[in-house]
Amino acid sequence: MGQRLLGSLEKKLQKGYKFFFILAIICIPVLLFTANTLGFFFKEVKNNDELFNFFIKGDELESFSEKEVTHLYEVKDLVKKGLYALAITLLILVISLIILNYKSKEHANKSFLYGSYLTIILFFMLIILAIINFNFLFTNFHMIFFQTSNWLLSENDLLITLFPLRFFLNTTAKIFISLILESIMIIVLAQNRK
């Protein structure tokens with residue numbers, strides 16, 4: 001009876017390890033993408049005093065139209081959700097890695113390897129999509145993450161002057177390049193950690 005109980009417990013632990021292994025793999029691209037996107041966002045915001053004060057200090061906006069202000073509040077809400085996602089993903093990843101590392105360092109290393117491979121595959125697909133039709137990617141991003149159409153601004157709006165489409169194209173390219181390079185670094189480090 002004791003042997004069956006131990007065997008049953010071992011099977012449950014194996015399923016648990018698989019769950020945390022898959023969870024860690026999924027967390028890697030989410031964590032890298034969220035951290036890079038927020039990093040580039042805050043780097044750009046600090047270049048404009050009014051936007052910096054709005055996003056960081058909570059000051060009101062004075063130089064922007066009502067439509068732009070509404071969109072910036074939506075962006076602020078998305079950034080807040082991004083920060084929560086970053087914190088939660090990091091916590092889940094750390095817990096998963098502690099559990100996997102408890103079983104063996106090899107499982108933790110493999111989760112980093114596979115998570116980085118997944119990141120490279122996903123973002124190469126997005127790079128190809130961006131090269132083929134960046135407007136499609138840009139439009140669908142806004143349709144998914146913003147509930148109103150206030151992101152559709154006129155060429156004369158201050159936000160478009162500060163952040164033209166070329167800015168978003170360049171920033172997207174920088175984010176994708178950072179993700180690929182960071183993934184390659186993680187792969188190299190994980191392979192050398194054995």
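How much solvent-accessible surface does LYS15 expose, in Å² to the nearest 10, with a 1.4 Å probe and all protein chains in place? Counting only protein heavy atoms, LYS15 exposes about 150 Å² to solvent.
Counting only protein heavy atoms and using a 1.4 Å probe, what share of the accessible area of the chain belongs to carbon plus sulfur, as a whole percent?
Numbers: 8400 of 12560 Å².
Answer for the chain: carbon and sulfur cover 67 percent of the accessible area.
As a length-normalised measure over Cα pairs under 8 Å and 6 or more apart, the relative contact order of the range 55-194 settles at 42 percent. When nucleic acids and ligands are ignored and a 1.4 Å probe is applied, TYR114 ends up with an accessible area of around 100 Å².
Only four residue types carry charge here, +1 at the Cβ of Lys and Arg and -1 at the Cβ of Asp and Glu. Report the dipole size of the chain about the Cα centre in Debye, rounded to the nearest 20.
Values: 19 positive and 15 negative charges, 352 e Å.
With Lys and Arg at +1 and Asp and Glu at -1, about 1700 debye.
Would you please state which residues of the range 135-169 a label at LYS80 would reach in this model, taking the label point 7 Å out along Cα→Cβ and a backbone N cut-off of under 15 Å? Hits in the range 135-169 for LYS80 at 15 Å: 147.
For the set LEU165, LEU100, solvent exposure ranked by accessible area (probe 1.4 Å, protein chains only) runs largest to smallest as LEU165, LEU100. Between the listed residues GLY115, ILE132, THR172, the Cα displaced farthest toward the positive end of the dipole of the chain, a dipole computed from Cβ unit charges relative to the Cα centre, is found at GLY115.
How would you classify the range 80-133 from its alpha-carbon gyration tensor, with a ≥ b ≥ c the square roots of the eigenvalues: rounded for a/c under 1.5, else prolate if a/b is greater than b/c, otherwise oblate?
Numbers: a/c = 7.01, a/b = 1.53, b/c = 4.60.
Since a/c reaches 1.5 but b/c is at least a/b, the shape of the range 80-133 is classed as oblate.
Note the count of lysine pairs whose C-alpha atoms are less than 30 angstrom apart in the range 81-194, limited to pairs 8 or more residues apart or on different chains.
On the way: LYS81/LYS110; LYS81/LYS174; LYS103/LYS194; LYS105/LYS194; LYS110/LYS174; LYS110/LYS194.
Lysine pairs meeting both conditions in the range 81-194 amount to 6.
Estimated at the nearest 10 Å², the accessible area of PHE19 is 120 Å² with a 1.4 Å probe.
The values are calculated or read from the model by the stated rules, or taken from the named source; none is laboratory data. Keep in mind that this is a model prediction, so the values were computed, not measured. Neighbour counts run over all protein chains shown; Cβ positions are idealised from the backbone, glycine included. Side chains included, ligands, DNA and RNA excluded: accessible areas come from the protein's heavy atoms. Shrake-Rupley method; radii C 1.70, N 1.55, O 1.52, S 1.80 Å.
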